[in-house]
Amino acid sequence: MYIYRINDLFRDNENVIVTPSQYGPGSSLSLHKHECIEIAYICSGSGYHIFNGEKLHVSEGDLFFIGRNSYHTYENETNNFSWINVLFLPSAVEKSIFDRTNADNVLQASFTTLMNNKTSSEIGSIALYNHKTEFDNIMTEMLAEYQAKHDDYQEILRYYLQILLIKIFRLQPKINPAVSTYSNVVVEYLRNRSLNNKIDMNAIARSAFLSPRAFRDMFKKATGKTLSAYITELRIVRAKNLLESTELPILTIMNEVGYNDSKFFYQLFERHTGMTPGDYRKKHTPTPDKPLP
């Protein structure tokens, strides 16, 4: 894996650089890391962003914050797949910018780590999808400014970078203002969806501004359980509610909560409740001489 060193990329007077990338026929880009921080914006076309071992579909208008020590590369889907890279050092960012964000913001935590010269195995990442209107102009203007290299171009780029980061921060509460914890992200995603539909882990992670792997890691750290275990619990709770409140056949309930293997469902339900679905229904169904427990 190739590592792009700071001295390989930045001139002596630079702490912000902006480069264009085009993934045309015959192009290739090896898996790599940066010693600096990167914001990548997809300008046109579509392709795949391979990020820390995950392959994410990306298209025009998507933007990614890529922390130091993260590794990534791209694959094209269309011949016009292109993006702009903004690479920068912590010295390019005013610390006061973080007064505009909440203390739990992933970017804030990332920069705090860097600015305090602390080490981190992998500094946070954020993904914003379908934001062409928000980011297209500023990214193309930053590229033009860097390529022209007029007097004071670095100072101008630093101002642009502040605006870019504020725009990223500003989007976070607008996406889902009701979400305050990682478990609430999942609940909010499932609010208007049936548990029998396929659950899109990428979509859940997007709503929290994280890559799927980063969201799963942060979810476990915050809740003490894996994301899949939490969703299983939600499904079992829903199955229990249907057994108590309806006369639906058990196999129908099984399908309603997202399972199609009856043996697996029965084993899973018994593991969580200590009884079979049938026994659970009998225990929680009132009769004239037996009230509910």
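Just so it is clear, none of the values below were taken in a lab; they were calculated from the coordinates. None of these values were measured; they are calculated from a predicted model. Note: ideal-geometry Cβ built from the backbone for every residue, glycine included; neighbour counts use all protein chains shown.
Can you tell me the dipole magnitude for the stretch 214-282 around its Cα centre, using point charges on the Cβ only (Lys, Arg +1; Asp, Glu -1), in Debye to the nearest 20?
Here the stretch 214-282 has a charge dipole of around 300 debye.
Specify which residue in the list 49, 21, 36 is farthest towards the positive end of the charge dipole of the stretch 7-57, using unit charges on the beta carbon of Lys, Arg (+1) and Asp, Glu (-1), about the Cα centre.
Projecting each Cα onto the dipole axis, the largest value belongs to 49.
Once you've got the Cα coordinates, tell me which of 55/167; 221/283; 33/149; 55/240; 132/225 are over 32 Å apart.
From the list (55/167; 221/283; 33/149; 55/240; 132/225), the Cα-Cα distance tops 32 Å for 221/283; 55/240; 132/225.
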